[in-house]
1. Which of the residues spanning segment A:44-56 are within 8 Å of chain B (Cβ to nearest Cβ) and open to solvent by 50 Å² or more (accessible area, probe 1.4 Å)?
2. Looking at (1) more than 19 Å from A:Ser51 (Cα to Cα); (2) surrounded by 17 or more Cβ atoms within 10 Å (Cβ to Cβ); (3) of a type in the set (Phe, Trp, Tyr), can you tell me which one B:Phe29 breaks?
3. Among what's in segment B:13-31 and is modelled with pLDDT under 90 and in a helix (DSSP H, G or I), pick the residue that is farthest from the chain's Cα centre (by Cα).
4. Of all residues in segment B:65-101, how many are open to solvent by 50 Å² or more (accessible area, probe 1.4 Å) and of a type outside the set (Lys, Arg)?
5. Residue check, B:Ile41 against (1) more than 18 Å from the chain's Cα centre (by Cα); (2) surrounded by 13 or more Cβ atoms within 10 Å (Cβ to Cβ); (3) more than 10 Å from chain A (Cβ to nearest Cβ), all met but one. Which one?
6. Mind counting the residues in segment B:10-22 that are open to solvent by less than 60 Å² (accessible area, probe 1.4 Å) and more than 10 Å from every other protein chain (Cβ to nearest Cβ)?
7. State which residue is surrounded by the fewest Cβ atoms within 10 Å (Cβ to Cβ) when the search covers only segment A:97-122 and only residues that are in a helix (DSSP H, G or I) and within 11 Å of chain B (Cβ to nearest Cβ).
8. Which one of A:Leu84, A:Leu128 is open to solvent by less than 30 Å² (accessible area, probe 1.4 Å) and either among the hydrophobic types (A, V, I, L, M, F, W, C) or in contact with a Leu (Cβ under 8 Å, 6 or more places away or on another chain) (or both)?
Amino acid sequence: MIDIVMAHSSRLSHRSQMWDATGMWAWILHRITGLGLVFYILLHTILMGISLLSGKEGFDATLSVLMDNPVFELLDIMLLGAVLYHGFNGIRILLFDVGIGISIKSQKNIFRIFMGVAAILWFWSIALKLG
Amino acid sequence: MHAWTWFLQRISAVILVIVLGLHIGFLHFSNGGESLNYTDIMARLKTPIFISLDILLLIFGLYHALYGLYSVFLDFDSGKKEKIVVFGFLVTMGLSFLGFGIFGLICTFC
């Protein structure tokens, strides 16, 4: 009986550790935003290159679609969110690499502070964009 | 080689935080939230600072993006041959996009 309770408790503890693992979710989100940004930078390079080479009319037409269409505005906001998350989490990783905030507690605190700053910048940018 | 490419990934990250921050700030928020047009962009691209900023962004952005993609690939247990093929493909892709991007920026004035 004790064995069953201990095994159950261990399973629960393992599950709890997994879902509490800030670092794991930070890493997964870093990968997802990274892959999204890879796709974006390639698309952005092609689109801006072609638009610039097509001259004033072509460039302004492309820009008006990208800037005035609500779907692209929403994508732009999501893009900025991805950039801010990837950037600030990247700075946290760099700090870890140089030995700043090595302990799990420090890591979680640094992550929370950076995400707070990123969120403030994101909401401020959205307000500026929509305002 | 992997140690150097990894180190350059970290260096490119630091540079991107600065350069991309400036790029987003100047292009999207410096005009009071109003979108820029061709004339504005051309005037900016004629200044050495803006053209340098965009070229730096292309170089380090593409390196960081494609090496990041290669790092994701390395997470899968691939053979030596596959690694060489993927690395070669990403280098070719990076150089092609860099060439086209610089061509687009500079040849606007050609």
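The values are calculated or read from the model by the stated rules, or taken from the named source; none is laboratory data. These numbers come from a predicted model, not from an experiment. Neighbour counts run over all protein chains shown; Cβ positions are idealised from the backbone, glycine included. Just so you know, the surface numbers come from the protein's heavy atoms only, side chains and all, with ligands and any DNA or RNA stripped out. Shrake-Rupley method; radii C 1.70, N 1.55, O 1.52, S 1.80 Å.
1. Looking only at segment A:44-56, we keep the residues that are within 8 Å of chain B (Cβ to nearest Cβ), and these are A:45-46, A:48-50, A:52-53, A:55-56.
Within segment A:44-56, A:Ile46, A:Ile50, A:Leu53, A:Lys56 qualify.
2. (2)
3. Looking only at segment B:13-31, we keep the residues that are modelled with pLDDT under 90, and these are B:24-31.
Keeping just the survivors that are in a helix (DSSP H, G or I) gives B:24-29.
On the way: B:Ile24: 14, B:Gly25: 17, B:Phe26: 17, B:Leu27: 16, B:His28: 18, B:Phe29: 21 Å.
Only one residue fits best here, namely B:Phe29.
4. So in segment B:65-101, the residues open to solvent by 50 Å² or more (accessible area, probe 1.4 Å) come out as B:69, B:74-77, B:80-85, B:87, B:89, B:91-92, B:95-96, B:100.
Subsequent filtering for residues that are of a type outside the set (Lys, Arg) retains B:69, B:74-77, B:82, B:84-85, B:87, B:89, B:91-92, B:95-96, B:100.
Result for segment B:65-101: 15.
5. B:Ile41 satisfies all of (1) more than 18 Å from the chain's Cα centre (by Cα); (2) surrounded by 13 or more Cβ atoms within 10 Å (Cβ to Cβ); (3) more than 10 Å from chain A (Cβ to nearest Cβ) except (3).
6. 3
7. We begin by selecting, within segment A:97-122, every residue in a helix (DSSP H, G or I); these are A:97, A:104-122.
Next cut, within 11 Å of chain B (Cβ to nearest Cβ) only: A:97, A:121.
Details: A:Asp97: 10, A:Leu121: 17.
Going through the qualifying residues, I end up with A:Asp97.
8. Values: A:Leu128 fails: open to solvent by less than 30 Å² (accessible area, probe 1.4 Å).
Only one candidate qualifies: A:Leu84.
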